Amino acid sequence: MSVEAKNGNRAKEAVEAAIRAHGTSRDELIPILTDVNRALGYLPAEALEEISRRLKEPKSQLLSVASFYQMLSTKPRGRHVVQFCESAPCHVVGGRQVWEALQNELRLKPEETSPDGKWTLLTTSCLGVCGVGPVIVIDDDIYGNVDPDRIPEILSHYS
């Protein structure tokens with residue numbers, strides 16, 4: 001079986017599981033996209049085609065939703081997604097230095113994924129934890145009061 005066929009089967013299986021969990025109502029579009037994104041690491045074209053077919057929604061609508069929400073991606077992401085809060089409260093307490101340290105340590109620019117597929121570096125607007133800025137989120141882990149010197153130690157927790 002070709003790589004494309006295997007990827008297509010994985011996409012169909014992920015879509016089928018999401019639809020079993022949520023149904024085919026248009027109201028369930030975001031949970032379906034989220035489940036598929038989580039299962040596959042992103043939303044490949046094959047998955048979007050299948051969701052479009054099953055929900056009877058235009059693919060353009062799915063792409064619009066997928067590009068609006070930061071948690072969704074139509075491009076493969078790294079095993080670990082690092083999000084840096086670029087809001088004003090984080091900026092005024094040293095966010096720029098943390099951002100520079102993240103870029104230097106990961107050797108990535110915003111929206112890039114490392115060649116080994118380990119890291120993706122993203123910026124995001126307010127994460128809602130302004131009282132402990134600067135803030136970074138790695139996968140589902142939130143780190144507050146981040147100092148640039150802590151970046152290597154924080155990243156070392158992820159293999």
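The values are calculated or read from the model by the stated rules, or taken from the named source; none is laboratory data. Please read all numbers here as calculations on a predicted model, not as lab measurements. Don't worry about glycine lacking a Cβ; one is built from the backbone with ideal geometry, like all the others, and counts go over all protein chains shown. Just so you know, the surface numbers come from the protein's heavy atoms only, side chains and all, with ligands and any DNA or RNA stripped out. Shrake-Rupley method; radii C 1.70, N 1.55, O 1.52, S 1.80 Å.
Some values worked out for this structure:
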{"quantity": "Antiparallel DSSP beta bridges within the chain, as percent of all bridges there, nearest 5", "calculated": "55"}
{"quantity": "Contact order relative to length of the range 65-122, as percent, for alpha carbon pairs under 8 angstrom and 6 or more apart", "calculated": "42"}
{"quantity": "Accessible area (Å², per residue) of the chain, counting only protein heavy atoms and a probe of 1.4 Å", "calculated": "56"}
{"quantity": "Assigned charges on the beta-carbon of Lys, Arg, Asp, Glu; the chain dipole about Cα centre (debye)", "calculated": "480"}
{"quantity": "Cα-based helix-to-principal-axis angle, 96-106 vs the chain, degrees rounded to 10", "calculated": "60"}
{"quantity": "Listed values (1) 0.99; (2) 1.04; (3) 1.01, entry calculated as Rg/Rh (Cα atoms, Kirkwood Rh)", "calculated": "(2)"}
{"quantity": "Cβ-Cβ FRET estimate between Tyr69 and Arg150, R0 fixed at 30 Å, reported to 0.05", "calculated": "0.55"}
{"quantity": "Degrees separating the helix 45-55 axis from the principal Cα axis of the chain, which is the longest one", "calculated": "60"}
{"quantity": "Angle between the chain longest axis and helix 59-68 axis [Cα atoms, degrees, rounded to 10]", "calculated": "10"}
{"quantity": "Spatially near lysine pairs across the range 5-122, Cα under 21 Å, sequence gap of 8 or more or different chains", "calculated": "8"}
{"quantity": "Mean separation of Cα contacts under 8 Å (6+ apart) over length of the chain, as relative contact order %", "calculated": "19"}
{"quantity": "Sparse-neighbourhood loop sites, GluC sites (Glu not before Pro) in the range 56-159 - DSSP loop, at most 13 other Cβ within 10 angstrom", "calculated": "Glu111"}
{"quantity": "Relative contact order [Cα under 8 Å, 6+ residues apart], the range 1-90, whole percent", "calculated": "27"}
{"quantity": "Portion, in percent, of the accessible area of the chain that falls on carbon or sulfur, probe 1.4 Å", "calculated": "49"}
